[in-house]
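First up is the structure itself, then whatever we jot down about it.
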Amino acid sequence: MNLSYGRPYLAIPGPSVMPDRVLAAMHRASPDIYGGSLHDMVETIWPDLKNVAGTAANVALYIGNGHASWEAANANLFSRGDKALVLATGNFGHGWARSVRAMGVEVDVLDFGTASSVDLGQFEAALRADGAHKLRAVLVTQVDTASTIKNDIAALRRVMDFVGHPALLAVDCIASLGCDEYRMDDWGVDVTVAASQKGLMTPPGLGFVWFSDKARAVCAGSDLRTPYWDWTPRAGAAEFWQLFNGTAPTHHLFGLREALDMINEEGLENIWARHTVLARSVWAAFDAWGAGNPAIGLNVANPALRGHSVTAARMGAPHATRLRDWTEFKAGVTLGIGLGMAEPHEPAYHGFLRVAHMGHVNAHMTLGALAVMEAGMVALGIDHGPGALAAAARIVGEAVR
Ligand SMILES: *Cc1c(COP(=O)(O)O)cnc(C)c1O
């Protein structure tokens, strides 16, 4: 018996579900890169892209994934021998630290583990300890996709202002942009990094770096820059080819245009609210399952510290892997592997999994994925508390009257 025949659902935290509209927009012959419809269309992308990040400042677009976006930001932010402070709340914070260290920057990491957000007192102490203002930038994830911890970015900026430290604030929003509330300008962020394949609903291959005018001025002399990564021409090109330092990512751009149309149609605040309700439905299901089996539980205890696009949970090894295999191969739902959840930052695949509720996802998809997970627990004899699906449905029903 196998119930996986039908449209599969990839519920991993990136690549997320690609809307048919986005795929259809990409299904076309190669456009001319020297003029015509591609140029006209690309003109329209910039204001919408800035709006998604909540900024009126600058944006540079790269052909690359999230790792490339990190390096793009690094190359513009730093000179050799500069110092960075990374606030790590999971695997991806450490990944950004490795990338910037490899480029010749001295990196201090404040490691807050995988179950709590940045401790503001420790952050303040680290800034005060840098009386000579050697730190050029503070790097942090809004949502770490491995731990699914969310940091309060506005609070980090308040600490920096309170201490009077001039470092730039750079935020990795790869997992959260277009899912969780984010307001770059209002929150005083200098650099925001994202990629196309998560909340922005476009296939992997586009990276984005938004930067404030202050960051542009402070970083004007950064010596890690090479022509490809320099954000200056990309954000204000005199000629079209300079926007991408070579051939434009033609089809991705048409896909992105369609995804931005979809974001505009729904509205950012509605998108944030949809992700909040879907996340709460997943949390309610895990709380009910865990009430009957202490091995099952959400990774992040405090709901205020949880991202809204992806949820990491303990299942008790080896049940996370068994359940993921069952849901994928017997029921057509692929869940995310646990990532970097054992100390020190080793994969612990068999004891953790992640459920994505990111981007082009609606109530029937999330409630369906939860129902499939419960069916898998029944099939595999994994103990679980009752009432999870009713609890998840109640969250949705009470939110949408
Ligand atoms: C996905 C992700 C990355 C890495 O992006 P890639 O496209 O896989 O290189 C980095 N940071 C966060 C927060 C992510 O969610």
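The values are calculated or read from the model by the stated rules, or taken from the named source; none is laboratory data. This structure is a prediction, so every number in the text was calculated from the model and none was measured. Cβ coordinates were reconstructed from backbone atoms using ideal geometry, including for glycine residues, and neighbour counts include every protein chain displayed. Only protein heavy atoms, including side chains, enter the accessible area calculation; ligands, DNA and RNA are left aside. Shrake-Rupley method; radii C 1.70, N 1.55, O 1.52, S 1.80 Å.
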Hey, can you grab everything whose amide H is under 5 Å from the amide H of V107? Only 5+ residues off in sequence or another chain; H modelled, so Pro and N-termini drop out. A84
How many nm is it between the label spots at A379 and N270, if each spot is 7 Å from the Cα in line with the beta carbon? 3.6
Which net charge results for the neighbourhood of A235, defined as the other residues with beta-carbon distances under 12 angstrom from its beta-carbon, given Lys and Arg at +1 and Asp and Glu at -1? +1
Proximal charge balance of I337 [Cβ under 10 Å; K/R count +1, D/E count -1]: +2
For the range 216-296, give the magnitude of the charge dipole about the Cα centre (Cβ charges: +1 Lys/Arg, -1 Asp/Glu; no others), in debye to the nearest 20. 180
List the lysines whose Cα sits under 27 Å from the Cα of K214, skipping any in the same chain fewer than 8 residues away. K50, K83, K134, K150
With only alpha-carbon pairs counted, each pair once and no self-pairs, how large is the Kirkwood hydrodynamic radius of the chain in angstroms? 21.7
The range 159-170 - phi-based ³J(HN,Hα) in whole Hz, Karplus 6.51/-1.76/1.60, Gly and Pro as x: 5, 5, 5, 4, 6, x, 8, x, 4, 7, 10, 10
Considering every pair of different Cα atoms, what Kirkwood radius, in Å, is found for the range 272-401? 14.5
HN-Hα J in Hz across the range 226-236 - Karplus 6.51, -1.76, 1.60, θ = phi - 60°, x for Gly and Pro: 10, x, 5, 8, 4, 7, 4, x, 4, 8, x
Rounded to whole Å and sorted largest first, what semi-axes of the equivalent ellipsoid does the C-alpha gyration tensor of the range 70-202 yield via the square root of 5 times each eigenvalue? 21, 17, 14
Using amide H atoms built 1.01 Å from N in the peptide plane, name the residues 5+ places from G205, or on other chains, whose amide H lies under 5 Å from its own. G64, S196, Q197
Which residues' amide hydrogens lie under 5 Å from the amide hydrogen of R306, considering only partners 5 or more residues apart or on another chain, with H built in the peptide plane? K150
Tell me the Rg and the Dmax, in Å, that the Cα atoms of the range 31-265 produce. 17.1, 55
If you count only protein heavy atoms with a 1.4 Å probe, what accessible area per residue comes out for the chain, rounded to a whole Å²? 39
Computed ³J(HN,Hα) along the range 141-156: with the Karplus parameters 6.51/-1.76/1.60, θ = phi - 60°, integer Hz and x for glycine or proline, the list is 8, 5, 10, 7, 5, 7, 7, 6, 6, 10, 9, 8, 5, 4, 5, 4
